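What follows is a single structure, written as structure tokens, with notes after it.
The values are calculated or read from the model by the stated rules, or taken from the named source; none is laboratory data. Source: prediction; values computed, not measured. Cβ placement follows ideal geometry from the backbone for every residue including glycine, while neighbour counts extend to all protein chains displayed. We work out accessible area using only protein heavy atoms, side chains counted, and drop any ligands, DNA or RNA first. Shrake-Rupley method; radii C 1.70, N 1.55, O 1.52, S 1.80 Å.
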Amino acid sequence: MNQTPDTLEVLQSGLATLHRMLDEAASDMTLEQLNRKNSDGGVSPFFSLWHYVRTEDNIINFVIQRKPTVWIEEEFDTQLGLHRTAQGTGMTDEEASQLNLSNLELWREYQHKVWDASEKYLSTVTSTELHAQTVAIKPLPEMSLYDGLFNVCLTHGLRHVGEIEYVRGVIGLGELAFIERDKSLDRSIMQSES
């Protein structure tokens, strides 16, 4: 008999895979490539990456847990010379085009600290809480914690991976290799019981 993974396992595995995809998407890009603005419009790969990581940091740390974000707690805004509270939602094209990364090593430190904080949080929440607790993520209507994490974090993040991968192709870096899902959560749930 096959067992289906519960929603918490889906989120844990999905976000772990998304984190690896975002890490890999930018791993071999230079500052110049990350800050590249397409002449046809759109945003830079860094804008997509910054927007998503800041969004996850805001949602999981500030909105859900009511604690300071990694961004503010560790003063990455000051260290990177970027806006303290903005994370891209509602920015004009002109504002988005002004966003530039100046320190790739420091950015990667921030990004991995957000991944660690998110994974730590997801190790403490229960499947019951995911569906019983509600969250308000502005400007969206109130939703279940699961819907917030699945839709505003996981599926939203995958969209931004695609934006970065597109630019990778345009500049000749090629597409991402297939990234296997995180199998550490499988435990044997996908195998038939004897």
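Sorted into 10 angstrom bins from 0, the C-alpha pair distances of the chain split as 8, 34, 35, 17, 4, 1, 0 percent.
Accessible area per residue was computed with a 1.4 Å probe on protein heavy atoms; ARG159 scores about 140 Å². A 1.4 Å probe over all protein chains sorts TYR146, TYR52 by accessible area into TYR146, TYR52, starting with the largest. Its Cα gyration tensor gives segment 1-71 an equivalent ellipsoid, and the semi-axes of that ellipsoid, as √(5λ) in whole Å with the largest first, are 29, 19, 10. In the frame of its principal axes, segment 75-169 has Cα extents of 42, 30, 26 Å, reported largest first.
Relative to the Cα centre, the charge distribution of the chain, modelled as +1 at Lys and Arg Cβ and -1 at Asp and Glu Cβ, gives a dipole magnitude of about 200 debye. Counting only protein heavy atoms and using a 1.4 Å probe, the accessible area of LEU8 comes to about 20 Å². The solvent-accessible area of PHE62, taken with every protein chain present and a 1.4 Å probe, is close to 120 Å². Taking a probe of 1.4 Å, how large is the accessible area per residue of the chain, in Å²? With all protein chains present, the chain gives 54 Å² per residue.
Of all accessible surface on segment 57-141 at a 1.4 Å probe, what whole percent is carbon and sulfur? Here carbon and sulfur together make up 50 percent of the probe-accessible area. Axis of helix 104-122 versus longest Cα principal axis of the chain: the two differ by about 20°, to the nearest ten degrees.
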